[in-house]
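Working notes for the structure below.
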Amino acid sequence: MSTSTNTTQNAAEAPHLRPNPETASILIFGASGDLTARKLLPALFDLWNDGYLSDEAPIIGVARREKSDESFRAEIYEAVNGSVRNGAVTPEQWERFARRLFYRQLDIASAEHYPQFHADLNAIEDQQGTGRNRIVYMATSPDLFLPAVEHMGFGNMIPDRDASHWLRVVFEKPFGHDLASAQELSGNLRRLLREDQIYRIDHYLGKETVQNILLFRFGNSIFEPLLNRNHVDHVQITVAESQGLERGRGGYYDNSGALRDVLQNHVLQLLCLIAMEPPALFHARDLHDEKLKVLKALSGGNKGDITKWVVPGQYSAGVVDGHPAVSYLSEERIPADSRTETYVAMKVQVDNWRWAGVPFYLRTGKRLPSRVSEIAIQFKLPPLNLFNTVECDGDICALVGAQPNQLVFRIQPSESIKLSFSTKRPGMQYQIHPVTMDFNYKTFTEALPEAYERLLLDVLRGDSTLFMRSDELEAAWQFVTPILDFWQKAKTMPEPYRCGTWGPRAADELLHNDGRNWRSPGQKPAS
Ligand code: BG6
């Protein structure tokens, strides 16, 4: 079964999405890194190609290495050509796009270089005929976040509130390592920047399907009344990856682990969106306020004993997608005795009027059988006893096919929303047959924009709705830090799971103990 979709309204016709080119310089600190080539520049190219960026406003790569504008452009061309929405970049497009790409060498950690850097920047902007509005994208290692902002202050790059131009600073994750470090970083940055100048990225919030959760919930009247403890049996949130560690990432990842890397941010943000109350207005502050309430209401299934509701795992050698995969401990730059978790599952409660008593099962991990992110809401099974009174061919009808209704948001890939329900199988008997109503994003003719496109555009527009406010971030850290502390203190060794399997056995038991099972993502109701 599939839905029909009216896609006649073009995105460009929607008033809030009309191209709105801004003139602001975009500075990427840490421009030699992978993120710049893989995500940021392709996103900026697509935004420009869609008419959201002016032709002149400079995009300036900033890093320690010496490099000319020409060699930076050549590198970026290699990265962008093939990664943009339409695949290849034409020579005419590249010629127009590349002439505003610049590179400036800077030792980001050295204050004394900033006054000269600022003068260079002014010269580029004067040459391009653009103003002094600036976005600084911190794609550096997090230990440079604070020094870079301090030195921007020293270089006179931070405008006052009443200045005629603005500065917005975007911070990539990780923003802090635990509650104390996140609070310290926020406190230090607050001395230098106002909250409206700070954009903390969680790229999951920029995904089209994630934004759609709010529209689906609050733009329809038939689902929202059911999303509460009266009707929902439980919720499962999965962010699964088949890949292991990308090259060169071992150093970062081993200090992070699945709980910090994905659960604390992406998974908890998904949980907030599915569990929050409707905000009064679709304004950044109202949305952040509602998400914060969810985070504050989070509690572990069994506070006294973390091992009862949190399961860490670490991948051992196995096979993923038909290819042999090495164990985590054999990955580059991973110590042989590492206790870092590459998988984490947990059972949590959102202890408020709407959700008390409804378990939320969360899991994320690397080297699982497939890359899939989804939220599955399972409703309570209705009383089906009446069908037991129907006779079929002299026997009582079997209701073995009865399955609870499920509403599944597939975030990626094969972006879709599915609702499963029971029907009567045609015939003389009353046999229950589960079917699925299926909305697939392919129904739309428009391509799904990349998360970074949307987020970069929002920074240009000064809209922080899809970014994390400091109190939200701290509430998320507040929830996960006791788990991290416990593992550290108890020297917890994560349970091994073979690459290509759905995680450690203890994660299955977490649900079995409640008489439930993890969904196999992508699973269809039995026919
Ligand atoms: C990042 C994590 O934030 O999210 C990575 O640091 C992870 O480890 C990635 O692979 C997953 O994002 P996506 O968009 O590929 O699901």
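Here are a few things to note about the model shown:
- Order of exposure, largest accessible area first, which applies to 420, 414, 464 with probe 1.4 Å: 414, 464, 420
- Each residue of the stretch 466-471 was assigned a 3J(HN,Hα) from its phi angle through the Karplus expression (A = 6.51, B = -1.76, C = 1.60, θ = phi - 60°), giving 8, 10, 9, 7, 4, 5 Hz with x at Gly and Pro.
- Taking amide hydrogens as placed 1.01 Å from N in the peptide plane, the amide H of residue 315 sits under 5 Å from those of 328, 342, 497, each at least 5 positions away in sequence or on another chain.
- Between helix 145-154 and the chain: long-axis angle, C-alpha atoms, 0 to 90°, nearest 10: 30 degrees
- Using a Förster distance of 41 Å, the FRET efficiency for residue 381-residue 293 (Cβ separation, nearest 0.05): 0.85
- As a calculated quantity, the FRET efficiency between residue 118 and residue 90 at R0 = 30 Å, using C-beta atoms, amounts to about 0.25.
- Over all orientations, the chain has a Cα convex hull whose mean projected area works out to 27.6 square nanometres.
- Within the full protein context, the accessible area of residue 415 is estimated at about 50 Å² for a probe radius of 1.4 Å.
- Rule-of-thumb Rg ratio for the stretch 265-374 [Cα; 2.2 N^0.38 Å; N residues]: 1.35
- Linear extension gain, residue 70 paired with residue 220, 0.36 nm per residue minus alpha-carbon span: 48.9 nm
- Heavy-atom accessible area, probed at 1.4 angstrom with all protein chains present, ranks 113, 283, 118 as 283, 113, 118, highest first.
- Centre-to-centre separation between the Cα atoms of the stretch 27-101 and those of the stretch 292-328: 37 Å.
- On the beta carbon distance between residue 77 and residue 336, with R0 = 41 Å, the FRET formula returns roughly 0.50.
- Using only side-chain charges placed at the Cβ, +1 for Lys and Arg and -1 for Asp and Glu, the dipole size of the chain relative to its Cα centre rounds to 1100 debye.
- Of interest is the spacing of the C-alpha centroids, which for the stretch 365-382 and the stretch 245-288 amounts to 17 Å.
- Distance (nanometres) between label positions extended 7 Å along Cα→Cβ at residue 428 and residue 229: 4.9 nm
- Hypothetical label at residue 161: residues of the stretch 187-201 whose amide nitrogen lies under 17 Å (7 Å Cα-Cβ projection): 190-198
- Eigen-decomposition of the gyration tensor built on the alpha-carbon atoms of the stretch 20-100 gives equivalent ellipsoid semi-axes of 18, 15, 12 angstrom, largest listed first.
- Phi-based couplings in Hz for the stretch 446-453 (Karplus 6.51, -1.76, 1.60; Gly and Pro marked x): 6, 6, 6, x, 5, 3, 5, 4
- Taking a straight Cα-Cα cut-off under 24 Å and skipping sequence neighbours fewer than 8 places away in the same chain, the lysines within cross-link reach of residue 173 are 39, 207, 291, 293, 296, 366.
- Farthest toward the positive end of the dipole of the stretch 187-251, out of 251, 219, 236, is the Cα of 251, where the dipole comes from beta carbon charges about the Cα centre.
- Counting only residues at least eight positions apart within a chain, or on another chain, the aspartates and glutamates with an alpha carbon under 18 Å from that of residue 424 are 391, 393, 395.
- Two-site label geometry, residue 181 and residue 351: point separation in nm, points 7 Å out along Cα→Cβ: 2.8 nm
- Gap separating the Cα centres of the stretch 407-466 and the stretch 467-524, nearest whole Å: 25 Å
- Per-residue HN-Hα couplings for the stretch 209-220 [Karplus 6.51, -1.76, 1.60; θ = phi - 60°; Hz; x = Gly/Pro]: 5, 6, 4, 5, 4, 5, 5, 4, 5, 9, x, 10
The values are calculated or read from the model by the stated rules, or taken from the named source; none is laboratory data. All of these numbers come straight from a predicted model, not from anything done at the bench. Please note: Cβ atoms are built from the backbone with ideal geometry, for glycine as well, and neighbour counts cover all protein chains shown. Please note that ligands, DNA and RNA were not included when accessible areas were found on the heavy atoms of the full protein model with its side chains. Shrake-Rupley method; radii C 1.70, N 1.55, O 1.52, S 1.80 Å.
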